Amino acid sequence: MLIASALILATLAGYALLCMASPFGTCRKCDGAGAKLTVNRAGKIKRVKPCRRCRGHGKRLRVGRRLRNHSRAIHRGGTR
């Protein structure tokens, strides 16, 4: 039980460090391309329209970073 708890805490600490070091991750919907890709008749890859999830950037804010930003906003709003 103790080892499992330590492993979970180490995983959460590692994810927190990852979110601080690299707050943006690759968009899962477009795989970082930033757009929906199709193949035209000539066999070339063509960008059809920007990805709605990442708005064409190919990167999204990680869930952990989003939670941290939200908690900081709540704390900031409560202390002022």
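A few notes on this one:
- Taking the criterion of being small (Gly, Ala, Ser), more than 12 Å from Leu67 (Cβ to Cβ) and surrounded by 14 or more Cβ atoms within 10 Å (Cβ to Cβ), the only residue of the stretch 11-25 that qualifies is Gly25.
Table: residues versus (1) surrounded by 10 or more Cβ atoms within 10 Å (Cβ to Cβ); (2) modelled with pLDDT under 90; (3) in a helix (DSSP H, G or I); (4) in contact with a Pro (Cβ under 6 Å, 6 or more places away or on another chain).
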site	(1), (2), (3), (4)
Gly43	no, yes, no, no
Lys46	yes, yes, no, no
Gly56	yes, yes, no, yes
Arg65	yes, no, yes, yes
Asn69	yes, no, yes, no
Ala73	yes, no, yes, no
Arg76	no, no, yes, no
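- The stretch 54-80 residues that are over 17 Å from Tyr15 (Cβ atoms), paired with ones that are of a type in the set (Asp, Glu) and in a helix (DSSP H, G or I) (beta carbon under 7 Å, 6 or more apart): none
- Taking the numbered list (1) in contact with a Cys (Cβ under 6 Å, 6 or more places away or on another chain); (2) touching a residue at least 40 places away in the same chain (Cβ under 8 Å) in turn, Leu18 passes all entries but (1).
The values are calculated or read from the model by the stated rules, or taken from the named source; none is laboratory data. What you see is a predicted model, and the numbers here were worked out from it, not measured in a lab. Reconstructed Cβ throughout: ideal geometry from the backbone, glycine too, with neighbour counts over all protein chains shown.
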